[in-house]
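In what follows, a single structure is set out as structure tokens and then discussed.
Read the figures in this text as sums done on the coordinates, not as results from a lab. Bear in mind the structure is a predicted one, so any value in this text is a computation, not a measurement. Cβ placement follows ideal geometry from the backbone for every residue including glycine, while neighbour counts extend to all protein chains displayed.
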């Protein structure tokens, strides 16, 4: 059997099956040798049938639903014992064309100081999702998640800077301190140094934390020459439940990285 060059993991929870199939087909639409893990946090195993889409899929039922990072850690524990070159953290609502994954791998193969890379991410209509971010502060989290619109307008310049809207998302490669967890291509050898997702985060900011740890030992790049599409929904701004999860994650993050130096 040929060496697996890229392993991937998608964490599931009662997902739209058609959208999920599109994501899985995108992952396998490549000339490189890949293997995919599906970690299903759903209370049932109705999505297990997706394992039949490709022989290189392993389905793992995980109904306790311990959260995004902890669920990915189940697979990270497995792949750190393998010889795969890269590991892809992939959201179930992502899809992309054939050459995206191989283009990213080629770039990583020629740039060994890069441990973590994220492509340009847009909505299906091509509109940008501004998913490059600076290390969050308490003010940034409060303003983005809880300020009314008139206050967001007042602090628009500050919020735009947080999301790198003052940079060119279309052409230039940037070393970014906080990359979105919806598509994270990680060098496995660097992941061995950095370790797992912090299991104190149930959801949100675990990607900020792990990008920050990768940046301590490698480059963490935004790479606009490759593009993926994301069906993205902003649950945080529309649901008290997700707002509360965000608050809990923020407390964990700022306790870990320092409250005082991340106030504003």
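A few points about this structure:
- Note on the chain: helix-only mean residue ellipticity at 222 nm, from DSSP H runs of 4+ residues weighted -39500 (n - 2.57) and normalised by residue number, equals -10500 deg cm²/dmol.
- Normalised radius of gyration (Cα atoms, divided by 2.2 N^0.38 Å) for the chain: 0.98.
- Rg and Dmax, both from the Cα atoms of the range 1-97 and both in Å, are 12.6, 35.
- Volume in Å³ per residue [convex hull over Cα atoms, computed for the range 184-264]: 137 Å³
- The simple Förster model, with R0 at 30 Å and r as the Cβ-Cβ distance, assigns residue 29 and residue 166 a FRET efficiency of 0.30.
- Between residue 261 and residue 216, the contour length at 0.36 nm per residue exceeds the alpha carbon distance by 14.4 nm.
- Per residue Cα convex hull volume in Å³ - calculated over the range 126-179: 87 Å³
- A straight chain from residue 192 to residue 44 at 0.36 nm per residue would run longer than the Cα-Cα distance by 50.1 nm.
- More than 23 Å apart - percent of Cα-Cα pairs taken over the range 120-213: 33 percent
- Sorted by Cβ density within 10 Å, fewest first, the residues 5, 18: 18, 5
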